[in-house]
Amino acid sequence: MAPSSSLISKLKVQLKLSIARLRMVQQKDEAVSKQQRRAMAQLLETGKIESAKIRVENIIRSDITTELHEILELYCELLLARTGLMETAVCDPGLEEAVKSLIYAAPRTEIKELQQVRALLCEKYGKEFALQAMENGDEKVSEKVLKKLSVTPPAQELVNGYLEEIARTYGVDWPKRPKEELGQPPEFVDDDDDENPSGGQAQRNLEAPLVADGRADEEREELSKSHST
């Protein structure tokens, strides 16, 4: 049985509210993330590396959540633009991923408006359809959504990558690198003589004959002693 026009009207309203809420939450999360990044830079600058590595996981999780919200926002916009395809009782194949991804993800977010969208979609397509979406029985839920909702701790490479990017953004030397890698010239002793461009080499050339003359004097002295005896 085709859904009533009132249900579609309610769905449109909730989709618009969800889009507005998702955008607002994303802006708020981005502002908080910038503050957290500044705090991470200060920890790196003061050498509190282990503390930074632990706390940066919150930033990573926040970024993943923001990416999830962006995906769900696009799905809401898609359904809003194609409500004409939702007049039938059977879900249109072109909308199935969006519908099932929203049903699956909504309870795992803190967006109340999405809960209303989910309830209306479940009412529209029936309990069996909703159960299949919640369990992802036919694997129609977006793979990206599934990954964003994963609770797996971030890999150490990702943690270090975040910290290095934060350090570059805020001009912090981390990880510590030799001066040569930072573009500073290595320390060296300048033995050149401004008045004599070859002064350094000339000095070395002068030293050699002096040493040779000293050895010759010693040899002559030894020979004199032997003759006198």
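The values are calculated or read from the model by the stated rules, or taken from the named source; none is laboratory data. Just so it is clear, the model here is predicted, and its values are computed rather than measured. As a convention, Cβ positions derive from the backbone with ideal geometry for all residues, glycine included, and neighbour counts pool all protein chains shown.
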_Pairs with Cβ under 7 Å, 6+ apart, first in the range 68-96 and assigned by TED's automatic domain parsing to the domain that holds Q14 and modelled with pLDDT under 95, second among the aliphatic types (A, V, I, L, M) and assigned to a loop (DSSP other than H, G, I, E, B)_ = E87/A2; T88/A2; A89/M1; A89/A2
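From the list S62, S101, S18, S9, which one is closer than 30 Å to K176 by Cα and either assigned by TED's automatic domain parsing to the domain that holds K144 or among the aliphatic types (A, V, I, L, M) (or both)?
Only one candidate passes the filter, namely S62.
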*Tell me, which residue of the range 40-49 that is more than 18 Å from the chain's Cα centre (by Cα) and not basic (K, R) is nearest to G171 (Cα to Cα)?*
E45
*Test each condition in (1) more than 31 Å from the chain's Cα centre (by Cα); (2) surrounded by 17 or more Cβ atoms within 10 Å (Cβ to Cβ) for R82 and report the one that comes out false.*
(2)
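Quick one: which residue in S101, S150 is of a type in the set (S, T, N, Q) and either in contact with a Cys (Cβ under 6 Å, 6 or more places away or on another chain) or under 30 Å from E50 (Cα atoms) (or both)?
Checking each option against the conditions leaves just S150.
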*Looking for whichever is without any contact (Cβ under 8 Å) to a residue 40 or more places away in the chain and under 21 Å from T83 (Cα atoms) here; the options are S18, S62, S9, S33. Which one fits?*
S9
*Which numbered condition L158 fails, given (1) crowded, with 17+ Cβ neighbours inside 10 Å; (2) touching a residue at least 60 places away in the same chain (Cβ under 8 Å); (3) hydrophobic (A, V, I, L, M, F, W, C)*: (1)
*Within the range 56-73, can one find any residue that is in contact with an Asp or Glu (Cβ under 6 Å, 6 or more places away or on another chain), within 23 Å of Q116 (Cα to Cα) and polar (S, T, N, Q)?*
yes
